[in-house]
Amino acid sequence: MTQTQLRQNVSLRPYNTFGMEAKASYLLEITDEEVLHTLCSSPLLQQQRRLILGSGSNLLFTRDYEGLVLLNCLKGIEILEEDDNQVMVRAASGEVWDDLVRYAVDHGWHGAENLSLIPGTVGAAAVQNIGAYGAEAASLIQEVQGISLQDGREKIFSNRQCLFGYRDSIFKSFDPGTFFITSVTFRFTKAGSPNLTYPALAEELQKEHHPSPAMVRETVIRIRGSKLPDPTETGNAGSFFKNPVLTEEELETIRKKYPDIPFHKTEAGYFKIPAAWLIEQCGWKGVREGHCGTWPRQPLVIVNYGNATGREIDTFAERIAASVRKKFGMELEREVLTI
Ligand code: EPU
């Protein structure tokens, strides 16, 4: 491996959208699969704890990372097969997710448009099963290819083997740094009806007869822009917490005390409560303390207004979770990985 690929004592600030300062003992740029195989046979690097990093858009660094950061720089999008109805596309895991969405939409293919502008890479999209506006990456993913960093073996996971759930997959249960996703195969369709199950999206597009993927993409980008902070301007990692998921019994109990609590039923028959509402009810909407705050239009997003440290953000988030626990007796599980 070349010197440009392996660096020591590297600032991670450019590699996380929260804009946190933290140093990695080592950082290795993974530019091709060969580097991964070399890594597997390097005793020095095998001894290090490892963190696989895509765009760093779902991470909070609260301290330096004593170990090896593997920066995913794998690139490439290729059509594997295509017929009149559908197309199979393999994208390297280091591709920017939204570049893939734009590629699909530019071809007129259906499926990814609701997931426009979600920050992150293709690999992270699979790990995290990213979702927005009524769609999830899991419904497009055919298989996930990767390499075990313990023995260098290549492995393919079918969609079913990925065990996708709400912002969840089998990859999250692996020891971090043991399995490196190299590419993901997606299936897009050439015709289809727009997915307008999300009320805000349906409302915006109600006048359109049969909106194209490009129109849906444009609308999603507009809605996101009006609600969510742009990480290139204000440091953040999207939703900081997941929306709590309750059983019907749990929902009924909480509704006795809070009859106005909003919820929506999931396909699996559970009930999702918007964490944004819980946070707002606890008085945290638009609160700013020092360099930390909740975004005024979407309090589920915690922002770094300037020079917040990871510890400050971490404490701020913990105080929000404690308020929700106290008032509603509900646990807010973090969507963001805290390191
Ligand atoms: N709400 C409030 N106050 C607010 C904002 C929202 O009470 O200030 C309540 C309302 O009841 C609203 C509900 O929250 O109807 C839902 O809000 P929103 O549509 O903004 O979506 P969300 O559930 O808060 C989820 C995802 C987002 C995704 C949006 C749109 C999670 C954790 N977050 O947020 O994903 O963009 O839906 O589909 O599931 C991310 O994962 O990083 C992310 C940004």
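The values are calculated or read from the model by the stated rules, or taken from the named source; none is laboratory data. In this text the structure is predicted, and so the values were computed from the model without any measurement. Please note: Cβ atoms are built from the backbone with ideal geometry, for glycine as well, and neighbour counts cover all protein chains shown. Only protein heavy atoms, including side chains, enter the accessible area calculation; ligands, DNA and RNA are left aside. Shrake-Rupley method; radii C 1.70, N 1.55, O 1.52, S 1.80 Å.
What to note about this one:
- Pick from segment 214-265, criterion among the hydroxyl-bearing types (Ser, Thr, Tyr) and within 12 Å of the ligand (Cβ to nearest atom), ranking: modelled with the highest pLDDT: 239
- In segment 149-162, residue nearest to the ligand (Cβ to nearest atom) [restricted to those that are open to solvent by 20 Å² or more (accessible area, probe 1.4 Å) and in a strand (DSSP E or B)]: 158
- Per the conditions (1) surrounded by fewer than 18 Cβ atoms within 10 Å (Cβ to Cβ); (2) farther than 28 Å from residue 263 by Cα, the sole criterion not satisfied by residue 143 is (1).
- Whichever residue in segment 288-336 is open to solvent by 70 Å² or more (accessible area, probe 1.4 Å) and part of a helix (DSSP H, G or I) and, among such residues, is nearest to the ligand (Cβ to nearest atom): 327
- Positions within segment 273-287 being more than 6 Å from the ligand (Cβ to nearest atom) and either part of a helix (DSSP H, G or I) or more than 14 Å from residue 331 (Cβ to Cβ) (or both), in sequence order: 275, 278, 279, 281, 283, 284, 286, 287
- Total residues in segment 1-31, condition surrounded by 14 or more Cβ atoms within 10 Å (Cβ to Cβ), assigned to a loop (DSSP other than H, G, I, E, B) and over 23 Å from the mean Cα position of the chain (by Cα): 2
- Number of residues in segment 163-213 that are in a helix (DSSP H, G or I) and under 24 Å from residue 109 (Cα atoms): the value is 7.
- Residues satisfying the stated conditions in segment 79-111, i.e. surrounded by fewer than 22 Cβ atoms within 10 Å (Cβ to Cβ) and among the aromatic types (Phe, Trp, Tyr): 103
- Selection count, segment 185-213, where residues are open to solvent by 50 Å² or more (accessible area, probe 1.4 Å) and either away from the ligand (no atom under 16 Å from the Cβ) or charged (D, E, K, R) (or both): 11
- Residue 59 meets the stated requirement of being surrounded by 23 or more Cβ atoms within 10 Å (Cβ to Cβ) and of a type in the set (A, V, I, L, M).
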